[in-house]
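Novice: Can you keep this structure in mind? I'll have questions shortly.
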Amino acid sequence: MFKVDLHVHSSERSACGKSPVTAMVESAIAHGLDALMLTDHDRLAPPAQLQALNRRYAPFRIYGGIEVTVGSEHVLVLGVQHPALEYGDWRYPELHHFVRARGGFLAVAHPFRYHDDVDLDIEAYPPDALEGYSWNTPAAYIERITALAQRLGVPLLANSDAHHVERFGYYYNLLDVCPPDEVALLEALREGHFACYAPEGVRAP
């Protein structure tokens, strides 16, 4: 089984981050995870840092993503390392086209956290997933998020949205097999070949 947390912040690149990258990785390992995705706010982890981290902590894996601010919403972008993601004043349709053209993966982070609706045109431009469980996704939202995911035909993710070392091990995504690379990981996520894990043994449908 392969446990991966796809929404993690660091103090180096997120103003709200409380712990440095190395501490976050070491905490994730201590909590039994096999991989994490660094998704700082509008900042990408430098490729050289990712390579060094992966050498240091192998076989644990560290992937590089980003949490892009789109108006009042946040969108996780995985599998694309392009500097334009850091500097663009993104509108959602343009971001959707940009990421899809590069084989990336989009997930709406903590839906309904800030509004009674999702302020993105996800009907015309469906994401690859919705984040159904996280520290910043209250349990009261899960029915609405689940219904929306079913209408869109996309899976739910469970991620920590960790900003501190104490937040690991409660929310993650569980794959039956270890993906050989990031491309295989994203394909498994797109196809829904994983299970969500959340406290009290809750699983996404």
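The values are calculated or read from the model by the stated rules, or taken from the named source; none is laboratory data. This one's a predicted model, so the numbers in the text were calculated from it and none came from an experiment. Positions of Cβ are generated from backbone atoms using ideal geometry, with glycine treated the same way; all protein chains shown enter the neighbour counts.
Novice: Restricting to segment 177-205, count the residues that are at pLDDT 90 or above, over 21 Å from residue 66 (Cβ atoms) and not in a loop (DSSP other than H, G, I, E, B).
Specialist: Matching residues across segment 177-205 total 3.
Novice: From the residues in segment 34-60 that are touching an Asp or Glu at 6+ places or on another chain (Cβ under 9 Å) and surrounded by 22 or more Cβ atoms within 10 Å (Cβ to Cβ), which one is nearest to residue 108 (Cα to Cα)?
Specialist: At the first step, the residues of segment 34-60 found to be touching an Asp or Glu at 6+ places or on another chain (Cβ under 9 Å) are 35-37, 39-45, 49, 57, 59-60.
Adding the requirement that they be surrounded by 22 or more Cβ atoms within 10 Å (Cβ to Cβ) leaves 35-37, 39-40, 45.
On the way: 35: 20, 36: 17, 37: 15, 39: 13, 40: 14, 45: 20 Å.
Restricting to residues being touching an Asp or Glu at 6+ places or on another chain (Cβ under 9 Å) and surrounded by 22 or more Cβ atoms within 10 Å (Cβ to Cβ), the top hit is 39.
Novice: Can you tell which of 111, 127 is in a loop (DSSP other than H, G, I, E, B) and within 28 Å of residue 165 (Cα to Cα)? Walk me through how you get there before you give the answer.
Specialist: Details: 127 fails: within 28 Å of residue 165 (Cα to Cα).
Testing whether each residue is in a loop (DSSP other than H, G, I, E, B) and within 28 Å of residue 165 (Cα to Cα) leaves just 111.
Novice: OK, next. Could you count how many residues in segment 21-52 are farther than 23 Å from residue 175 by Cα, among the small types (Gly, Ala, Ser) and in contact with a strand residue (DSSP E or B) (Cβ under 8 Å, 6 or more places away or on another chain)?
Specialist: Of the residues in that region, 1 qualify.
Novice: While we're here: For segment 146-169, enumerate the residues that are farther than 16 Å from residue 111 by Cβ and crowded, with 19+ Cβ neighbours inside 10 Å.
Specialist: As a first pass, look at segment 146-169 and keep what is farther than 16 Å from residue 111 by Cβ: 160, 162-169.
Residues satisfying the conditions are 160, 162, 163, 167, 168.
Novice: Another one. Hey, does segment 26-39 have a residue that's within 22 Å of residue 86 (Cβ to Cβ) and in contact with a Pro (Cβ under 7 Å, 6 or more places away or on another chain)? I'd like the intermediate steps shown before the answer.
Specialist: Within segment 26-39, the subset within 22 Å of residue 86 (Cβ to Cβ) is 36-39.
Filter once more, so that each one left must be in contact with a Pro (Cβ under 7 Å, 6 or more places away or on another chain): none.
No.
Novice: Among the residues of segment 140-176, how many are in a loop (DSSP other than H, G, I, E, B) and touching a strand residue (DSSP E or B) at 6+ places or on another chain (Cβ under 7 Å)?
Specialist: Adding up the residues that qualify gives 7.
Novice: With respect to residue 98, is the statement that it is surrounded by fewer than 21 Cβ atoms within 10 Å (Cβ to Cβ), on the phi > 0 side of the Ramachandran plot and not charged (D, E, K, R) true?
Specialist: Details: surrounded by fewer than 21 Cβ atoms within 10 Å (Cβ to Cβ): yes; on the phi > 0 side of the Ramachandran plot: no; not charged (D, E, K, R): yes.
No; evaluated as a whole, the condition is false for this residue.
Novice: State which residue pairs qualify: first residue modelled with pLDDT of 95 or more and inside segment 53-67, second residue in a helix (DSSP H, G or I) and charged (D, E, K, R) in any location, beta carbons under 9 Å apart, and separation of 6 or more residues or different chains.
Specialist: As it stands, the answer is 57/26; 61/182; 63/182; 64/182; 66/86, since those pairs meet every condition given.
Novice: Output the residues belonging to segment 170-181 that are farther than 16 Å from residue 137 by Cα and touching a residue at least 40 places away in the same chain (Cβ under 8 Å). Give the steps one after another, and end with the answer.
Specialist: Within segment 170-181, the subset farther than 16 Å from residue 137 by Cα is 174-181.
Within segment 170-181, 174, 175, 176, 177, 178, 179 qualify.
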